[in-house]
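Down below is the structure, laid out as structure tokens.
The values are calculated or read from the model by the stated rules, or taken from the named source; none is laboratory data. Keep in mind that this is a model prediction, so the values were computed, not measured. Every residue, glycine among them, receives a Cβ derived from its backbone with ideal geometry; neighbour counts consider all protein chains shown. These accessible areas exclude ligands, DNA and RNA; they are computed on the full protein's heavy atoms, side chains included. Shrake-Rupley method; radii C 1.70, N 1.55, O 1.52, S 1.80 Å.
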Amino acid sequence: MIRFFQTPQKTVIATEVNHALNEQEINELNWLYGDAKLLDAEQLEGYFVGPRREMVTPWSTNAVEITQNMGLQGISRIEEYFPASSKDAEHDEMLQRMYNGLNQDIFTINIKPEPIKYVDNLEEYNEQEGLALSPEEIDYLHGLEKQNGRPLTDSEIFGFAQINSEHCRHKIFGGTFIIDGKEMESSLFAMIKKTTQENPNKILSAYKDNVAFAQGPVVEQFAPKDQSTSDYFQVKDIESVISLKAETHNFPTTVEPFNGAATGTGGEIRDRMGGGVGSWPIAGTAVYMTAYPRLSEEGIVNSEKLATAKRDWEDILPVRQWLYQTPQQILTKASNGASDFGNKFGQPLICGSVLTFEHQEGKEKYAYDKVIMLAGGVGYGTKRDCLKKEPQKGNKVVVVGGDNYRAVQRANPEMQKRAYNLVRALCEEDVNPVVSIHDHGSAGHLNCLSELVEECGGEIDMTKLPIGDKTLSSKEIIANESQERMGLLIDEKHIEHVRKIAERERAPLYVVGETTGDAHFSFKQGDGVKPFDLDVAQMFGHSPKTIMRDNTVERHYANVEYNLEKLDNLALLEYLERVLQLEAVACKDWPSAVSG
């Protein structure tokens, strides 16, 4: 049943509990919710804005855990709802919905897990699911059907599409370009790698791991000798390496800027955690590129002191009817999201940049149709740990972090910090038990865990995977992109020691499988059925190379013109004011941060 508590701020906290609350439990929840009062009603009238019923929020996950730490039992979900004056009240439709009254069904999800599907028509399934598989990839999958003597499952096809996506495998960057009928001598990736090959300097690892490492100085480490218990701290010299990382998070930030940028920052942090056999993130950066945001005077700063120059460069193109969010919404929410995750995790966002651009010349129009969001950062680790080890048969496959949910961009920095605390502890000890470690992001368990066992194969027991949403199908569990998780390979003899550290750091740890040494990778359900069951080579080794054909297009643009005849002090001031109004120039503080 659901009980409703009203806070002094008039918000309603809905609490799902499996029994009737006694007086002591009610008093403890009233205290926890900030002097709230239990409402004597099973439903409430009026309009409320709150999370979608299908999306258990990270706030709820953490709140439920707090109740468990207080000794309260049987509470499964807690969500907060805000009263609204009407059904048209403003709210973020990507994350929230408007409720006309709150009742006992606000958490009810009428979805049953879909059974495993054996796909008879690959072409139709590709279009139906929007997998964007190329004709060459479809032919390749037909070949796998013949090799295995059976149709592929929905998990295998969906997983193949995710593993071999541009995000995970850089198909375009690693593909072959044919321009004007001539094959280019190198791929984009080869061109990027060439710089390091010709100027290696102090680079120790690049283009083969979650991050790149360069030689660092010898530094002092101050850490407990035994991280699994209360122990004396010791000081010792370590030879360090410096980690560098950058990646894009464009489409998620376009669709839902706050969580898109937050999980972009979170994923980039996890990449630096997953370098070698573990390393430490230190500081982050963020870059945004959008079309002109067309800020109102009130939306800039101190409107009474605004420059008098007109922002006429923004009139070059008609204002777009944006499908998801406007550039102004993106820049505001994304900036807040990236900073929010970094602050809550404990990594400062120390620098970044903003570029806004639109241009029209002749019949050509240029602008950022969706935001470019670049998350980057630096960190450090030990030279001892900067390269991954070779997996051996019998290594344990471990997942650390949160549960599976249907929501993809679900930022939970609290959970990620716990996973990081475990990784840091393992790296600080005299012996690091990690054989390999990978960020758990795009394509979920499938991509992360398959990369861990790629060299020798492995089997995953699906009954051991953390499932927060019981309505997920096998396909959704296997390739789910829920955030804030790390995958590790651990030598079996170290498992209990690692588990003790995880418990100490309150980092959920699950031993979900082991390496097999047979170059095969599978997920097995409790009933023994395997919704995913392929050779590692079939997943990674022989998928077709992307070939791109294009023709050279020459475009010529007018030269910049200067009106030198009117160049006086007043004109210079006007030019200066116009330049300083550009989002790419000068201070980006919000109005509340600007004085006088």
Every residue from region 341-369 that is under 29 Å from Pro58 (Cα atoms), buried (at least 19 other Cβ atoms within 10 Å of the Cβ) and out of contact with any Gly (no Cβ under 6 Å at 6 or more places or on another chain): Phe345
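Look through Gly337, Gly377 and report the one residue that is assigned to a strand (DSSP E or B) and either at pLDDT below 90 or surrounded by 20 or more Cβ atoms within 10 Å (Cβ to Cβ) (or both).
Details: Gly337 fails: assigned to a strand (DSSP E or B).
Result of the check over Gly337, Gly377: Gly377.
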Tally of residues being open to solvent by 10 Å² or more (accessible area, probe 1.4 Å) and in a helix (DSSP H, G or I) across region 382-414: 4
Selection within region 118-138 - without any contact (Cβ under 8 Å) to a residue 40 or more places away in the chain and open to solvent by 50 Å² or more (accessible area, probe 1.4 Å): Tyr118, Asp120, Asn121, Glu123, Glu124, Glu127, Gln128, Glu129, Gly130, Ala132, Pro135
Failed item, numbered, when Gln538 is tested on (1) of a type in the set (S, T, N, Q); (2) closer than 30 Å to Ile178 by Cα; (3) not in a helix (DSSP H, G or I): (3)
Selection from region 534-568 of residues that are of a type in the set (Phe, Trp, Tyr) and surrounded by 10 or more Cβ atoms within 10 Å (Cβ to Cβ): Phe540
Ala375 being in contact with an Asp or Glu (Cβ under 6 Å, 6 or more places away or on another chain), within 25 Å of Ser205 (Cα to Cα) and in contact (Cβ under 8 Å) with a residue 24 or more places away in the chain: yes
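Inspect all residues belonging to region 465-485 and state whether any of them is open to solvent by less than 50 Å² (accessible area, probe 1.4 Å), under 22 Å from Pro224 (Cα atoms), part of a loop (DSSP other than H, G, I, E, B) and not basic (Lys, Arg).
No, region 465-485 contains no residue that is open to solvent by less than 50 Å² (accessible area, probe 1.4 Å), under 22 Å from Pro224 (Cα atoms), part of a loop (DSSP other than H, G, I, E, B) and not basic (Lys, Arg).
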Selection count, region 535-560, where residues are at pLDDT 95 or above and within 25 Å of Asp461 (Cβ to Cβ): 0
Check on Glu16, in contact with a Pro (Cβ under 9 Å, 6 or more places away or on another chain), surrounded by 15 or more Cβ atoms within 10 Å (Cβ to Cβ), at pLDDT 95 or above and within 25 Å of Asn404 (Cβ to Cβ): no
Verdict on Ala479 being under 22 Å from Met273 (Cβ atoms) and touching a Phe, Trp or Tyr at 6+ places or on another chain (Cβ under 7 Å): yes
Of all residues making up region 432-490, the number that are in contact with a strand residue (DSSP E or B) (Cβ under 6 Å, 6 or more places away or on another chain), small (Gly, Ala, Ser) and farther than 26 Å from Arg77 by Cα: 5
Which listed residue is farther than 20 Å from Tyr292 by Cα and out of contact with any Ser or Thr (no Cβ under 6 Å at 6 or more places or on another chain), from Ile350, Ile372: Ile350
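Go through the residues of region 243-257 one by one and say whether even a single one is more than 27 Å from His494 (Cα to Cα), at pLDDT 95 or above and either in contact with a Phe, Trp or Tyr (Cβ under 7 Å, 6 or more places away or on another chain) or open to solvent by 60 Å² or more (accessible area, probe 1.4 Å) (or both).
Initially, region 243-257 is screened for residues more than 27 Å from His494 (Cα to Cα), giving 244-257.
Filter once more, keeping what is at pLDDT 95 or above: none.
So far as region 243-257 goes, no, none of its residues is more than 27 Å from His494 (Cα to Cα), at pLDDT 95 or above and either in contact with a Phe, Trp or Tyr (Cβ under 7 Å, 6 or more places away or on another chain) or open to solvent by 60 Å² or more (accessible area, probe 1.4 Å) (or both).
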Residue, least open to solvent (accessible area, probe 1.4 Å), within region 64-117, restricted to residues that are under 30 Å from Ser155 (Cα atoms), outside any loop (DSSP other than H, G, I, E, B) and out of contact with any Gly (no Cβ under 7 Å at 6 or more places or on another chain): Arg77
Of residues in region 118-155 being among the polar types (S, T, N, Q) and part of a helix (DSSP H, G or I), the one nearest to the chain's Cα centre (by Cα): Ser155
Number of the exception - Asn432 against (1) among the polar types (S, T, N, Q); (2) surrounded by fewer than 16 Cβ atoms within 10 Å (Cβ to Cβ); (3) part of a loop (DSSP other than H, G, I, E, B): (2)
Subset tally (residues that are part of a loop (DSSP other than H, G, I, E, B) and either surrounded by fewer than 18 Cβ atoms within 10 Å (Cβ to Cβ) or modelled with pLDDT under 85 (or both)) for region 294-334: 22
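When you go through Leu141, Leu188 one by one, which is the residue that is within 22 Å of Thr248 (Cβ to Cβ) and surrounded by 14 or more Cβ atoms within 10 Å (Cβ to Cβ)?
Details: Leu141 fails: within 22 Å of Thr248 (Cβ to Cβ).
Residue meeting the stated conditions: Leu188.
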Matching option when the condition is in a strand (DSSP E or B), among the hydrophobic types (A, V, I, L, M, F, W, C) and touching a Phe, Trp or Tyr at 6+ places or on another chain (Cβ under 7 Å), among Ile269, Ile238, Ile282: Ile282
Single residue of region 486-533 satisfying the filter (touching a His at 6+ places or on another chain (Cβ under 9 Å) and not hydrophobic (A, V, I, L, M, F, W, C)) that is least open to solvent (accessible area, probe 1.4 Å): Gly487
Residue that is nearest to Arg504 (Cα to Cα) [pool: residues in region 217-230 that are open to solvent by less than 60 Å² (accessible area, probe 1.4 Å) and touching a Lys or Arg at 6+ places or on another chain (Cβ under 8 Å)]: Ser228
Top-ranked residue in region 174-185 [being closer than 25 Å to Ser543 by Cβ and small (Gly, Ala, Ser); ranked as surrounded by the most Cβ atoms within 10 Å (Cβ to Cβ)]: Gly175
Pairs with Cβ under 6 Å, 6+ apart, first in region 63-86 and free of Cβ contacts under 8 Å to residues at least 24 places away in the same chain, second open to solvent by 10 Å² or more (accessible area, probe 1.4 Å) and in a loop (DSSP other than H, G, I, E, B): none
